[in-house]
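The values are calculated or read from the model by the stated rules, or taken from the named source; none is laboratory data. Everything numeric in this text was worked out from a predicted model, so none of it was measured. Backbone-built Cβ (ideal geometry, glycine too); neighbour counts: all protein chains shown. Heads up: the accessible areas ignore ligands, DNA and RNA and are worked out on the full protein's heavy atoms, side chains in. Shrake-Rupley method; radii C 1.70, N 1.55, O 1.52, S 1.80 Å.
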Amino acid sequence: MIQVETQMGGSLIEVRLTGKIRGEDYEKLLVPAVEAALKEHDRIRVLAILDQGFGGYDLSAVWADTKLGLGHWSGFDRCAVAADQGWVQTAIRVAAPLLPCPVQVFGLDEAEAARRWLRESLGTVHIIDLGGPCLQIKLMGQVDPEAYQRAGGDLDARLREREGFRLLIDLTEFDGWQGLSAMAAHFNLARTHVPLLDRAAVVGDKAWQHMAQRVAARILKAETRFFPSEEIENAKAWLTTG
């Protein structure tokens, strides 16, 4: 039996598999859910939870699974599997390098961690208090406008407690923006808070990130500096000195 639940506006599909899976389970439930999601989103993310009673696939389900993968090969952005069966975990890990998207394996008791991994990778902005005037903004995945809106409220609340601030911009897990509106939200967030900024450290590994820091250094009144990801602790130390 297959149970299907959609989340995150349809961009995340959670599938629970119990007992022996048949081809008609795929055809009636999973395939329509995937195709409906891909009409609304270019790429989707999937969490498959294999209960203790999962009994594998019959031949028709194997074929249905193969057709689903081949038919929507480019439509999967990231997949997580939560299962306790050793043979399932081994099979997924062996197949993962051949799949078109990142795949992570979790135990059944780690289902919530799997959900968190999938949701965060959709794009989040974390704000971390480093003490004193220093804050860290960590951008993860492909960030959407709503994530910037939430971050803006959090940042405003934290800045009410400070006359000025120093910022560590962590881009080590940043994959870009989900469309032009997200890019606009990014620069709007920066524009409204830059006048309060005293010093900024940019941490990343990509050439364009270093270039962006150099451009910002010419525009901003605040002192800026770039650090590679392995020097993030040095970046924090630089923020707190002087």
Residue under evaluation Ala37, criteria (1) open to solvent by less than 30 Å² (accessible area, probe 1.4 Å); (2) at pLDDT below 85; (3) touching a Gly at 6+ places or on another chain (Cβ under 6 Å), criterion not met
(2)
Subset of segment 53-64 [at pLDDT 65 or above, out of contact with any Ser or Thr (no Cβ under 9 Å at 6 or more places or on another chain) and open to solvent by 30 Å² or more (accessible area, probe 1.4 Å)]
Tyr57, Asp58, Leu59, Ser60
Can you tell me which residue is most open to solvent (accessible area, probe 1.4 Å) among those in segment 25-34 that are more than 13 Å from Thr6 (Cα to Cα) and touching a strand residue (DSSP E or B) at 6+ places or on another chain (Cβ under 9 Å)?
Lys28
Every residue in segment 73-102 that is surrounded by 13 or more Cβ atoms within 10 Å (Cβ to Cβ), within 21 Å of the chain's Cα centre (by Cα) and not in a loop (DSSP other than H, G, I, E, B), please.
Gly75, Phe76, Asp77, Arg78, Cys79, Ala80, Val81, Ala82, Ile92, Arg93, Ala96
Would you check if there is a residue in segment 215-229 being open to solvent by 50 Å² or more (accessible area, probe 1.4 Å) and under 23 Å from Gly141 (Cβ atoms)?
no
Any idea how many residues of segment 187-214 are in a helix (DSSP H, G or I) and among the β-branched types (Val, Ile, Thr)?
2
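Would you call Leu168 in a helix (DSSP H, G or I), buried (at least 17 other Cβ atoms within 10 Å of the Cβ) and more than 18 Å from the chain's Cα centre (by Cα)? Steps first, please.
Values: in a helix (DSSP H, G or I): no; buried (at least 17 other Cβ atoms within 10 Å of the Cβ): yes; more than 18 Å from the chain's Cα centre (by Cα): yes.
In short, no.
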Of the listed residues (Lys206, Lys138), the one being of a type in the set (Lys, Arg), surrounded by fewer than 20 Cβ atoms within 10 Å (Cβ to Cβ) and in contact with an Asp or Glu (Cβ under 7 Å, 6 or more places away or on another chain) is Lys138
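Confirm whether Gly131 is open to solvent by 20 Å² or more (accessible area, probe 1.4 Å) and on the phi > 0 side of the Ramachandran plot. Give the steps one after another, and end with the answer.
Values: open to solvent by 20 Å² or more (accessible area, probe 1.4 Å): yes; on the phi > 0 side of the Ramachandran plot: yes.
So Gly131 passes the test.
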Of the residues in segment 1-24, those that are surrounded by 14 or more Cβ atoms within 10 Å (Cβ to Cβ), within 22 Å of Asp84 (Cα to Cα) and out of contact with any helix residue (DSSP H, G or I) (no Cβ under 7 Å at 6 or more places or on another chain) come to Gln3, Glu14, Arg16, Leu17, Thr18, Lys20
Tell me, please, whether a residue that is farther than 30 Å from His41 by Cα, open to solvent by 30 Å² or more (accessible area, probe 1.4 Å) and touching a strand residue (DSSP E or B) at 6+ places or on another chain (Cβ under 7 Å) can be found in segment 178-197.
yes
Look at segment 147-194 and say how many of its residues are touching a Ser or Thr at 6+ places or on another chain (Cβ under 8 Å) and among the aliphatic types (A, V, I, L, M).
1
Which ones in segment 128-158 are free of Cβ contacts under 8 Å to residues at least 12 places away in the same chain and either outside any helix (DSSP H, G or I) or polar (S, T, N, Q) (or both)?
Ile128
